[in-house]
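One structure below.
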Amino acid sequence: MVLVGGDHRYRPCRNFADGQAHFVLAPEDYARAEGEGEVMAVVHSHPNAAPEPSEADRVMMARWGLPWLILNVPVGHWRLWYPDGWCAGINRHEVANERVVHRRANHPR
């Protein structure tokens, strides 16, 4: 999803992954979307599952720092998820608390 001139526009990117278990965005498609405007969210589908992020989704969402709109197209369900600092094998509250402490330690006031 790209913000172009105040409008949100869907820009599809090809999936280079084998199968449907995960996805790998075509770099040139993503670059083209970035060239049009600000990338606001990643949109992807879970064709055979609920629109809940997998562990891999949560790791990548945190890495990219972008919301993910996950769709289950056959059922028509969707949900927008926001990155929350979650990391595989680490309690997300510990990560969030570490970020708060780090910010306070570096805060100029």
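The values are calculated or read from the model by the stated rules, or taken from the named source; none is laboratory data. The structure presented is a predicted model; accordingly, all values stated were derived computationally and were not measured. Reconstructed Cβ throughout: ideal geometry from the backbone, glycine too, with neighbour counts over all protein chains shown.
Among the residues of the range 1-19, how many are touching a residue at least 12 places away in the same chain (Cβ under 8 Å) and either assigned to a strand (DSSP E or B) or in contact with a Phe, Trp or Tyr (Cβ under 8 Å, 6 or more places away or on another chain) (or both)? Lay out the reasoning, then the answer.
Residues of the range 1-19 that are touching a residue at least 12 places away in the same chain (Cβ under 8 Å), as a first pass: 1-5, 8-14.
Cutting the leftovers down to either assigned to a strand (DSSP E or B) or in contact with a Phe, Trp or Tyr (Cβ under 8 Å, 6 or more places away or on another chain) (or both) gives us 1-4, 8-9, 13.
Result for the range 1-19: 7.
Going through Arg79, Arg32 one at a time, which residue ends up being touching a Pro at 6+ places or on another chain (Cβ under 6 Å), at pLDDT 90 or above and either in a helix (DSSP H, G or I) or surrounded by 13 or more Cβ atoms within 10 Å (Cβ to Cβ) (or both)? Spell out how you get there, then give the answer.
Values: Arg32 fails: touching a Pro at 6+ places or on another chain (Cβ under 6 Å).
Exactly one residue qualifies, and that residue is Arg79.
I'm told Glu94 meets every condition in (1) acidic (Asp, Glu); (2) modelled with pLDDT of 75 or more; (3) over 23 Å from Val2 (Cα atoms) except one. Can you identify the failing condition by its number?
Evaluating Glu94 over (1) acidic (Asp, Glu); (2) modelled with pLDDT of 75 or more; (3) over 23 Å from Val2 (Cα atoms) leaves (2) as the failure.
In the range 35-73, how many are within 13 Å of Asp84 (Cα to Cα) and in a helix (DSSP H, G or I)?
Step one: list which residues in the range 35-73 are within 13 Å of Asp84 (Cα to Cα), which gives 53, 55, 57-68.
From what is left, the residues that are in a helix (DSSP H, G or I) are 55, 57-64.
Of the residues in that region, 9 qualify.
Is there a residue being closer than 18 Å to His8 by Cα, touching a Leu at 6+ places or on another chain (Cβ under 7 Å) and touching a residue at least 60 places away in the same chain (Cβ under 8 Å) anywhere in the range 53-69?
For the range 53-69, residues closer than 18 Å to His8 by Cα, touching a Leu at 6+ places or on another chain (Cβ under 7 Å) and touching a residue at least 60 places away in the same chain (Cβ under 8 Å): present.
Find all pairs meeting these conditions: Cβ atoms under 6 angstrom apart; at least six residues apart or on different chains; first residue within the range 35-49 and surrounded by 15 or more Cβ atoms within 10 Å (Cβ to Cβ); second residue modelled with pLDDT under 85 and in a loop (DSSP other than H, G, I, E, B).
His44/Phe23; Ser45/Val73
Which residue out of Arg63, Arg109, Arg103, Arg99 is within 16 Å of Ala41 (Cβ to Cβ), modelled with pLDDT under 90, surrounded by fewer than 13 Cβ atoms within 10 Å (Cβ to Cβ) and not acidic (Asp, Glu)?
Working: Arg109 fails: within 16 Å of Ala41 (Cβ to Cβ); Arg103 fails: within 16 Å of Ala41 (Cβ to Cβ); Arg99 fails: within 16 Å of Ala41 (Cβ to Cβ).
Testing whether each residue is within 16 Å of Ala41 (Cβ to Cβ), modelled with pLDDT under 90, surrounded by fewer than 13 Cβ atoms within 10 Å (Cβ to Cβ) and not acidic (Asp, Glu) leaves just Arg63.
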